[in-house]
Amino acid sequence: LLYLRTDMGGSYRYDQANKSWTPIQDVFGGSEWWLFGCESLGIDTKEPNRVYIAAGTYMSYGENGAIIASDDYGKTWKTRWDAPFHFGANDDGRGRGERLAVNPEQNNIIFFGTRKNGLYKSTNYAETFTQVASFPTDHDIPFILFVPGTKGKTIIVATDDTKAPLYRSDDGGNTFKKISGQPNIGYFPQHGAFSADNKYLYVTYANSIGPNGATQGDVYRISLADYSFKEITPVHGSYETQQFGYTGVQTSGTNPGVVIVSTLNLWWPSDEIYKSNDYGETWFEGVASHAELDISEYPWLDFGKADNLKFGWWIASLAMDPFNDNNVSYGTGATVYTTTDFTNADKNKATHWAPNVHGFEECAINDIEAPPAGPGNPQLLTALGDLGGFTQDDINEAVEMWVNPTYTTGTSVEYAYSNPQIVVSCGTDNAAYSKDGGHTWTSMKSLPYEKATGGHITISGDGKVVTWIPDQSQSPYWTSDFGATWTKVTTCPNCNQVRPDGKNLTLMYGYDYQTVYLSKDGGKTYTKNGTNLGAGQLNSPFDVEGHLWLACTYWGGVQMSTDYGKTFTEVDPLFKTADSVGFGKPAPNSDAPYTVFIVGKYDGYYGVYRSTDLGKTWTLLNDDSHQWGVYNSKVIGDPNIFGRVYIATNGRGVVVGDDTS
C-alpha cells in the first residue's frame with residue numbers, strides 16, 4: 001500500500017495491479033481550491049483501509065485547512081474537521097513529515113503537528129481535534145512517530161527548536177519532555193525512520209527547513225534502549241566542493257541494518273542517495289553516481305538538453321518496499337523514480353530507474369490550444385509552469401519540452417486560424433514563433449522593451465501580425481516581422497486580452513475588463529466597440545465571424561455577442577459568475593455552429609458546463625468527486641472531436657473529458 005502527496009496537486013494511492021496512481025483528493029476545488037494541497041498523509045497500520053489527509057496549501061492566503069478521513073483507502077471521505085488555522089502544503093518545509101500520526105494500537109487516536117499552533121489530538125478517528133495543552137505551542141512540528149513495540153505509549157515529536165528539537169512521551173501523549181543529550185547542532189529535523197528490529201531511530205537534519213537553502217546537515221542514529229545519539233552522516237559538504245543538507249530517510253522492513261538517506265540541495269551534479277547495511281556505521285558510494293535513468297517514456301525530463309538529465313533534486317521522500325529491498329522509489333522536484341534492482345548499490349554497481357507516474361499529474365497549466373486537424377497540425381499546445389510548454393501530436397504520449405527558447409514558465413500560446421502551422425508563444429523573459437505547428441521554435445528577434453516577460457500573446461488569423469502583452473505592461477505591442485520591430489498599440493489602452501476573430505483573418509478584439517475594442521488591420525489599431533462590461537475572460541469561437549463570449553468573474557455571468565462585441569446579451573441568468581469560456585466541434589445535427597464550454601457557477605454550483613445550443617440549455621460535466629483544485633484559467637473544446645473538453649488546472653495538469661454517450 002503506497003500513497004503519494006503533492007504540494008498543490010492533491011494526493012494519490014498506488015494501484016499495484018495496474019502500476020498506476022489513482023487521485024484521491026479531487027474532491028476539493030472551485031470555492032475551496034486552497035484545500036487541494038496536502039500538508040500530510042496519515043496511514044493506519046491497524047486498519048489499512050483508513051487514511052487521513054491534512055489539506056491546506058498556504059499559510060499566508062486562502063482559508064483555514066481541514067483534515068479529512070476515509071475508511072475505504074481514499075475512495076470516499078467520511079468526515080472532515082475544519083481547523084481554526086492555516087496549513088502550508090506548498091510553503092517552505094513541505095518536504096518534511098509526516099505531521100499526521102495514527103496510534104498503532106488505539107487507532108482512534110491521531111496526532112497532528114501544526115506549523116504555528118502546537119500539537120493537536122483526535123480520539124474519534126479525526127472527526128474532531130483538540131490542542132494538547134502539555135505540549136509547547138511556539139514550534140513548527142514537522143513529524144510525529146510512535147515508537148514500535150510500545151503499544152502506542154511512546155511517541156517522539158520533532159520541532160523546529162534547533163538546539164533540542166525532539167520531544168518524547170511515554171504515556172501516550174499526555175505529557176512530553178525533551179529528549180536529553182541531543183546534539184546542539186543548530187539544524188532542523190526533516191524525517192525519521194525506525195530500524196526493522198526496533199533498536200534505532202534515524203533522523204535527518206538540515207540547516208534549512210527546505211526545500212531550498214540547505215547548505216549543511218547531518219544524519220543521527222538514536223538508540224531506543226537509552227536514547228543516546230550517534231552521528232552517522234555519510235558525507236559532509238564543504239565550501240570547496242558542494243554544500244548540502246540531509247532530508248529523506250527509509251529503512252528495510254526485513255533487513256534490520258539497512259538504512260538509506262538522501263541529500264538536500266546538492267545541486268551539482270545532483271542530490272544523492274546513500275545506503276548502509278550496518279546501521280549507518282559505513283556507507284556505500286552514492287547511488288546517483290552509478291544510476292542509469294530511462295526517460296524514454298517521458299523525454300521532457302532532460303529539460304531540453306541531452307546532458308541535463310539529473311538523478312534528482314529535493315529528494316525529500318524515499319520509499320522502500322517493506323518486503324523487498326530491491327524496490328525503491330524517490331520523489332524529486334519533477335517526478336517519481338522507481339528501481340527494482342536497488343541492492344546493486346551494495347556492489348557499487350549501476351541501479352536502473354524509470355519514472356513511475358502513470359495516472360499521476362502535478363503541473364500548473366497556464367494556457368492550452370487545440371488546433372483543427374490537418375497535416376502537421378498538433379493535437380494540443382500547452383503552456384505551463386516550471387516546464388515551459390509542450391506540443392503533442394497525440395495527447396496520450398509525453399514529448400520533449402519546448403526549446404530555443406526554453407522557458408522556465410510558459411504563459412501563453414496561440415496559432416493562426418488560417419494556418420495552424422504558425423504558432424506563437426511567450427514565457428519567462430522571451431517570446432517565440434514556430435512555422436511547423438509548434439514542433440520547433442525560434443526566439444522573437446527582439447523584445448518590445450527591456451526585460452519584457454510572460455503575459456499574453458496572440459496572432460491574427462492570417463498569421464501576419466503578432467500581438468504580445470507582457471506581464472506588467474499597460475499596453476499591447478504588435479510586430480509583423482516576428483520581433484525585428486515592435487510597435488506600441490496606443491488605441492487599445494490598458495487592454496490585457498487580445499483575441500483574433502474566428503473567421504475574418506484581419507479582425508482582432510481587444511478587452512480591458514470594461515470595453516471591447518475592434519481592429520480591422522490585424523491588431524495594429526483599434527476603435528471602441530462595446531463598453532460597460534464586467535471583468536472576465538473574452539474568447540472567440542473558431543470558424544464563425546463576429547461572435548464573442550465573455551465569462552464574467554464578478555458580475556454579469558456569461559455574455560454573448562454576435563455583432564463583433566458592440567452589444568452583449570446575458571446568456572442565462574443562472575450563471576452568476578464564470579471564469580473561463582471555450583469552444584469545440586458542434587454536436588451532430590445541431591444548428592449551432594459550435595459547442596460552448598464554461599467553467600463557472602451555475603445555479604449555485606461551480607463546475608464545468610457544456611451547451612450545444614448557444615447557451616439555451618446547459619449540461620454539468622463534472623461532479624463532487626472531480627473538482628481538481630484550481631481549474632479556472634482555461635477551458636476549450638476540441639474542433640475535431642465532438643464533446644471532448646480540455647481543462648487547464650493548477651496542479652492536476654490538463655484534464656481531458658470525452659462524451660461517453
Inset, instruction - Can you tell me the equivalent ellipsoid semi-axes for the range 327-405? Use √(5λ) from the Cα gyration tensor, largest first, whole Å. - result: 34, 13, 11
Legend entry - Potential extension, Thr241-Asn124 segment - 0.36 nm per residue separation minus Cα distance: 37.0 nm
Inset, instruction - Just the Kirkwood number for the range 118-238, please: inverse of mean 1/r across all distinct Cα pairs, in Å, one decimal. - result: 15.2
Inset, instruction - Once you have the Kirkwood Rh of the range 96-167 from its Cα pairs, apply Stokes-Einstein at 25 °C and 0.890 mPa s and quote D in µm²/s. - result: 201
Inset, instruction - Please work out the Cα convex hull volume for the range 267-408 and give it in Å³ per residue. - result: 129
Inset, instruction - Take every DSSP beta bridge with both residues inside the chain and express the antiparallel ones as a percent of the total, to the nearest 5. - result: 95
Inset, instruction - Can you check how the C-alpha radius of gyration of the range 285-357 compares to 2.2 N^0.38 Å, as a plain ratio? - result: 1.06
Inset, instruction - Fewest Cβ neighbours within 10 Å first, please rank Thr382, Thr567, Thr490, Thr515 accordingly. - result: Thr490, Thr567, Thr515, Thr382
Legend entry - Formal net charge of residues neighbouring His290 (Cβ-Cβ distance under 15 Å; K, R +1; D, E -1): -3
Legend entry - Test item: Cα-centred dipole of the range 331-434, Lys/Arg +1 and Asp/Glu -1 on Cβ, debye: 280
Inset, instruction - Equivalent ellipsoid semi-axes for the chain, as square roots of 5 times the alpha carbon gyration tensor eigenvalues: give them largest first, rounded to whole Å. - result: 49, 28, 21
Legend entry - Whole-Hz couplings from phi, Karplus 6.51/-1.76/1.60, listed for the range 587-602; x for Gly and Pro: 5, x, 6, 8, 7, 6, x, 6, 9, 10, 10, 10, 9, x, 9, 10
Legend entry - Of every Cα-Cα pair in the range 1-54, the percent that sits beyond 16 Å: 43
Legend entry - Longest to shortest principal axis, alpha-carbon extents of the range 363-532, angstrom: 44, 34, 31
Legend entry - Hull volume in cubic angstrom per residue (convex hull over the Cα atoms of the range 352-462): 114
Inset, instruction - Report the extension gain between Lys445 and Ala373 in nm, rounded to one decimal, defined as 0.36 nm multiplied by the number of residues separating them, less their alpha carbon distance. - result: 23.0 nm
Inset, instruction - Please report how far the C-alpha centroid of the range 432-454 lies from that of the range 537-562, rounded to the nearest whole angstrom. - result: 28
Legend entry - Computed P(r) (all Cα pairs; the range 225-322; 10 Å bins; percent): 14, 41, 32, 11, 2, 0
Inset, instruction - Quick one, can you get me the convex hull of the C-alpha atoms of the range 183-359 expressed as volume per residue in Å³? - result: 116
Legend entry - Ascending count of other beta-carbon atoms within 10 Å, so fewest first, for Ile209, Ile469, Ile395: Ile395, Ile209, Ile469
Legend entry - Residue order, fewest to most surrounding Cβ atoms within 10 angstrom, among Phe342, Phe482, Phe542: Phe482, Phe542, Phe342
Inset, instruction - Please list, or write none, the lysines whose alpha carbon is within less than 17 Å of the alpha carbon of Lys566, excluding same-chain residues fewer than 8 places away. - result: Lys520, Lys528
Inset, instruction - Using a cut-off of under 19 Å, list every residue of the range 356-383 whose amide N is near the label point 7 Å from the Cα of Asp15 along the Cα-to-beta-carbon line. - result: 356-362
Inset, instruction - Quick one: check the C-alpha center-to-center distance for the range 80-114 versus the range 489-513, whole angstrom. - result: 49
Legend entry - Those Cys residues of the chain for which no other cysteine Cβ falls under 4.7 Å: Cys38, Cys363, Cys426, Cys552
Legend entry - Shape category assigned to the range 542-652 from the gyration tensor of Cα positions, a/c cut at 1.5: oblate
Inset, instruction - With label points built 7 Å along Cα→Cβ from the Cα atoms of Thr569 and Glu32, find their separation and express it in nm. - result: 3.8
Legend entry - Segment Phe85-Gln131, extension gain: residue separation times 0.36 nm, minus the distance between their alpha carbons: 15.4 nm
Legend entry - Per-pair calculated FRET efficiency, R0 = 41 Å: Glu292 and Asp462 via Cβ, rounded to 0.05: 0.25
Inset, instruction - Work out the FRET efficiency for Leu620 and Asn348 from their Cβ-Cβ distance, taking R0 = 60 Å, and round it to the nearest 0.05. - result: 0.55
Legend entry - Separation of alpha-carbon centers, the range 293-330 and the range 1-43, rounded to whole Å: 20
Inset, instruction - Normalise the Cα radius of gyration of the range 274-318 by 2.2 N^0.38 Å (N = residues in it) and let me know the number. - result: 1.48
Inset, instruction - Measure off 7 Å from each Cα along the Cα-to-Cβ vector at Asp386 and Asn327, then give the distance between these two points in nanometres to one decimal. - result: 2.6
Inset, instruction - Filter the GluC sites (Glu not before Pro) in the range 184-272 down to the DSSP loop ones having no more than 16 other Cβ atoms within 10 Å, then list what survives. - result: Glu240
Legend entry - Spatial extent of the range 1-142: Rg and Dmax, with the Cα atoms as the point set, Å: 14.1, 46
Inset, instruction - Before anything else, pin down the relative contact order of the chain: Cα pairs under 8 Å, at least 6 apart, normalised by residue count, whole percent. - result: 7
Inset, instruction - Pop the C-beta distance of Ser223 and Asn404 into the FRET formula with R0 = 45 Å and round what comes out to the nearest 0.05. - result: 0.20
Legend entry - Among the listed pairs Lys19/Lys153; Lys163/Lys310; Lys435/Lys503; Lys310/Lys464, those beyond 31 Å (Cα-Cα): Lys19/Lys153; Lys163/Lys310; Lys310/Lys464
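Here, each number is a calculation from the coordinates, and none is a lab measurement. A quick note: this is a predicted structure, and the numbers were derived from the prediction, not measured. Because the Cβ atoms are built from the backbone with ideal geometry, glycine has one as well, and the counts that use them run over all protein chains shown.
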